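Notes for the one structure printed next.
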Amino acid sequence: MKKLLVEGCIITNEKISDRIYHMIVQAPEIAACAQPGQFLHVKKIGSANFLRRPLGVANVDKKNNTISIAYRVIGKGTAEFAGMKEREKLSILGPIGNGFVLKEGRPLLIGGGMGMAPLIYLAAKLRDKDPVVLIGGKNKQEVFWEKYIKEFTDKIYITTDDGSAGFKGFTVQLLPKILQDNNIDNIYTCGPDIMMRSVAKIADEYKKDCQVSLERRMACGIGVCLGCTFTGKVTGKRRKVCTEGPVFPAEEVF
Ligand code: FES
């Protein structure tokens, strides 16, 4: 798919949790073609920061020609985004990469921490398939995603490490019960590798198709620096997360 270079105008840029922001941006050309799991390379127009930041597409509102982006402040670039106000402009390159392949059957979406962001748009796209969503975080402050997901499903499970919301424990501890209680066909997951590795293992045991979206540092984002690569388990080939992913079949990664 052709990558676009467009100007996006910020509609809202709201702090939603500790160091986490949700931004809605008017960008009609991107809204028209972005798919769940794809990402964008973004910089503030006029910024002295040379590098663009890779940010996932959290959702799309085609009616209003907007996209939403959720990001955690972790450095200079994201701190600059956090300081931006409505009507300020972003330079957006994208959509980039290969997102989730939407399959038939009942889906289970599993997100850990910021990994929930791309699953919002995925839940929107799969809303007719009665999706089940499992949200995991360290504590209550990290599982605020429910408010963005609940318009697409009422089957939401929550886990927190400290038990401050939902089931006390990790997502993968609850996963076997969810698979036993619901008629799940496909699993889509995004979050820390340690979580996705366990999800992939359980998916394999239960013979469920599983796609994983990898979170990697991306220096160039265009397949040149090789900083985001891994060796595929099935293909044996060097795979580039930025241009071939970020979504891969679980068996190729873990
Ligand atoms: Fe440079 Fe992927 S980020 S090759």
* Asked: Gap in Å between the Cα centre of the stretch 49-79 and the Cα centre of the stretch 122-144?
  -> 19 Å
* Given Cα pairs under 8 Å that are at least 6 residues apart, what percent is the relative contact order of the chain? -> 17 percent
* Asked: Got the relative contact order for the stretch 72-171 handy, in percent, Cα pairs under 8 Å and 6 or more residues apart?
  -> 20 percent
* Asked: Rounded to the nearest whole Å², what accessible area per residue is found for the chain with the 1.4 Å probe?
  -> 47 Å²
* Asked: Given +1 on the Cβ of Lys and Arg, -1 on the Cβ of Asp and Glu, and no further charges, what dipole in debye does the stretch 102-162 carry about its Cα centre, rounded to the nearest 20?
  -> 140 debye
* To do: With no solvent and one equal point scatterer placed on each C-alpha of the stretch 1-118, evaluate the Debye formula and give log10 I(q)/I(0) for q = 0.13, 0.23 Å⁻¹, two decimals.
  => -0.48, -1.45
* Measure up Lys62/Lys168; Lys3/Lys207; Lys2/Lys89; Lys89/Lys240; Lys89/Lys155 against 26 Å on the Cα-Cα distance and list the ones that go over. => Lys62/Lys168; Lys3/Lys207; Lys89/Lys240; Lys89/Lys155
* Asked: Packing-wise, with mean Cβ within 10 Å as the measure, how do 5-14, 168-177, 34-43 rank, highest first?
  -> 34-43, 168-177, 5-14
* Just going by the charge dipole of the stretch 1-157, with Lys and Arg at +1 and Asp and Glu at -1 on Cβ, which of Asn13, Val73, Pro107 is farthest out on the positive end? -> Val73
* Asked: With all protein chains present, how much of the accessible area of the stretch 194-244 (probe radius 1.4 Å) comes from carbon and sulfur, to the nearest whole percent?
  -> 52 percent
* About its Cα centre, how strong a charge dipole does the stretch 181-254 have in debye, to the nearest 20, once Lys and Arg get +1 and Asp and Glu get -1 at the Cβ? -> 440 debye
* Using all C-alpha to C-alpha distances in the chain, build P(r) with 5 Å bins and read off the rounded percent in each one. => 1, 6, 14, 18, 20, 17, 13, 8, 3, 0, 0
* Structure fact -> A chain fully extended from Gln173 to Glu88 at 0.36 nm per residue, minus the present Cα-Cα distance, gains in nm 26.3 nm
* Structure fact -> Of all DSSP beta bridges with both partners in the chain, the antiparallel percent, nearest 5, is 60 percent
* Structure fact -> The answer for the net charge of residues other than Thr160 whose Cβ lies under 15 angstrom from its Cβ, with Lys and Arg +1 and Asp and Glu -1, is -2
* What is the antiparallel percent of DSSP beta bridges lying wholly in the stretch 109-248, to the nearest 5? -> 20 percent
* Give me the percent of Cα-Cα pairs in the stretch 104-226 that sit more than 18 Å apart, rounded to a whole number. => 50 percent
* How large is the dipole of the chain about the Cα centre if only Lys and Arg carry +1 and Asp and Glu carry -1, each at its Cβ, rounded to the nearest 20 debye? -> 680 debye
* Which residues in the stretch 168-206 have a backbone N closer than 18 Å to a point placed 7 Å from the Cα of Glu146 along the Cα-to-Cβ line? -> 168-172, 174-175, 178
* Structure fact -> Ordering 219-228, 48-57, 98-107 by per-residue average of other C-beta atoms within 10 angstrom, highest first, gives 48-57, 98-107, 219-228
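The values are calculated or read from the model by the stated rules, or taken from the named source; none is laboratory data. Please read all numbers here as calculations on a predicted model, not as lab measurements. Neighbour counts run over all protein chains shown; Cβ positions are idealised from the backbone, glycine included. The protein model used for the area step is the full one, side chains on, heavy atoms only, and it has no ligands, DNA or RNA in it. Shrake-Rupley method; radii C 1.70, N 1.55, O 1.52, S 1.80 Å.
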